[in-house]
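Contents: one structure, followed by commentary.
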Amino acid sequence: MNSSSPLRIALINDYEIVLAGIREMLAPFSDEVEVVEVDATADVASEVDIALYDTYGQNETALTAICQPLNAERVNKVVLFTWNHNQTLVDAAIEAGVDGLLSKKMGAQELVASLKRIADGETVITAHTSTPQDVTALAPRGNQWPGREAGLTMRESEMISLITQGLSNAEIAEHTNLSPNSVKSYIRAAYRKIGVARRSQAVVWGIAHAMVPDRSRQIVATPRSSTPVE
């Protein structure tokens, strides 16, 4: 990488609204980072310094499947943008070839600084673990996600997204590396905000509010529309 040139970044996720939010976050730092691709598929067409993979609505335990299509000749570094940094996820990410795990609680300036460190050869892992307290915390200014207009935090939105995709609470806990109790807390908070009481109602709400992935990495599971939060 030419140190006088901005980092070339590809943003990866299945939800275009999520990608648009990250791009907006990075826009004030265009002299330091250049978003050259915003991809709702795993295929990066341009040569980039970093592929930044937002884990919203994705299977965070399937890191090898995430990283393999990104660890191509066109991609120099792969970075996960995630809520979770427990040791199991960190170990799996490093083994899968990830060059950094960056917290979604970061502001834009800290995110850019971390990306530059990774481009310079560091492995950067931010020290933040998602807890039920995040239910009341919004992500940094500029971020967007499905359901934000209804008052959902990004983590609450992700719970509704995964429910809409047909996952049970146990499967959501496995996919997101959260405890079952944390998953229940997020779901209950989300239900209150969107005015539903049952899983089937949450699925209908999610479909109507763009909670279904736009592209190809949708998690496939047997629908459980009648399963209660408990």
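The numbers here are math on the coordinates, done by the rules we state, and not lab data. Keep in mind that this is a model prediction, so the values were computed, not measured. Cβ placement follows ideal geometry from the backbone for every residue including glycine, while neighbour counts extend to all protein chains displayed.
Would you mind getting me the FRET efficiency between Ala170 and Thr126? Use the beta-carbon distance for r and R0 = 35 Å, nearest 0.05.
Once rounded, the FRET efficiency stands at 0.80.
What FRET efficiency would be calculated for the residue pair Ser200, Ala150, taking the C-beta separation as r and a Förster radius of 22 Å, to the nearest 0.05?
After rounding to 0.05, the efficiency reads 0.75.
Which of the aspartates and glutamates could a cross-linker bridge to Lys116, judged by Cα under 13 Å and excluding same-chain residues fewer than eight apart?
Counting by Cα, and skipping residues close in sequence, Lys116 has these aspartates and glutamates nearby: Asp31, Glu32, Glu34, Asp49, Asp99.
Karplus couplings for the stretch 200-207 from phi (6.51 cos²θ - 1.76 cosθ + 1.60, θ = phi - 60°), rounded to Hz, Gly and Pro as x?
4, 5, 5, 5, 4, 4, x, 5
In whole Hz, with x marking every Gly and Pro, tabulate ³J(HN,Hα) for the stretch 4-11 from phi via Karplus 6.51 cos²θ - 1.76 cosθ + 1.60, θ = phi - 60°.
Ordered by residue, 3J(HN,Hα) equals 8, 9, x, 4, 8, 10, 10, 9 Hz.
Cross-link partners among aspartates and glutamates for Lys193, C-alpha distance below 12 Å, same-chain residues fewer than 8 apart left out?
By straight Cα distance, Lys193 reaches Glu149, Glu156.
Once label points are set 7 Å from the Cα along Cα→Cβ at both Ile207 and Arg192, what is their separation, rounded to one decimal in nm?
Label-label distance for Ile207 and Arg192, simple model: 2.8 nm.
List every residue whose amide H lies under 5 Å from the amide H of Val35, counting only residues 5 or more places away in sequence or on a different chain, with H placed 1.01 Å from N in the peptide plane.
Residues meeting the criterion, in which the H sits 1.01 Å from N, are Ile9.
Going by average Cβ density within 10 Å per residue, which order do the peptides 26-36, 147-157 take, highest to lowest?
147-157, 26-36
Can you run phi through the Karplus equation (6.51, -1.76, 1.60; θ = phi - 60°) for the stretch 157-162 and list ³J(HN,Hα) in whole Hz, with x for Gly and Pro?
Values, residue by residue: 4, 5, 4, 5, 4, 5 Hz.
For the stretch 69-126, what is the largest minus smallest coordinate of the Cα atoms on each principal axis, given in angstrom and ordered from greatest to least?
30, 25, 18 Å, listed from the longest principal axis down.
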